[in-house]
Amino acid sequence: MLKLRRLLLTTLALALLSSAAPAAEQWTEEEQTSGVKKIEMVRYAFAGQKMKLQLLYAVNPDCSIVEGWAFEIIKQPEHGTAEIVPTSAFPTYPKDNPRYKCNEHKYDAQMLTYKADVGYKGPDSFTYVEISPSGYAFEKTYRFNVRPVPATTTGPKQRSS
């Protein structure tokens, strides 16, 4: 019975990952049992500047939207603001993805953003969760190394002869 349950959970997880979920590594046995895949992202951020981190949506191979996905910030950053805001965008699936043809369609979606407090320098983080219609979840923690805004540059300098 336990082997059958594991097989079913693995099959469901693989079907979910291949059909509508964001790219992710193999699920561990604990993740399969809990239904939660924990992912950590590490980035640099500049204080006071809003970053677009991830476009949140799910598309079927026929380019229809997968209804029923939920996105929620479950732990706000201590030194900034994380938001999920409405947007519209064209997806950017690679050519070898069955959804590549969907890149021609603009979708209503959500954008995950982060903005560190002006003047802050140091570590920060927040966590959000994506819950699929079947109940599997992706809990993602973004960790940031917040830096001061660099001096503005215009690119490489031209050498004078």
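At a glance:
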| item | result |
| --- | --- |
| Tensor-based shape of segment 35-147 (alpha-carbon gyration tensor, a/c under 1.5 rounded, otherwise prolate or oblate) | prolate |
| Asp96 paired with Met41, simple spin-label distance in nm, labels 7 Å along Cα-to-beta-carbon | 2.3 |
| Rounded FRET efficiency, nearest 0.05, which uses the C-beta distance separating Gln76 from Lys121 and R0 of 25 Å | 0.85 |
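Readers should treat all values here as calculations from the given coordinates under stated rules, not as data from a laboratory. All of these numbers come straight from a predicted model, not from anything done at the bench. Using ideal geometry, Cβ is built from the backbone for each residue, glycine included, and neighbour counts are taken over all protein chains shown.
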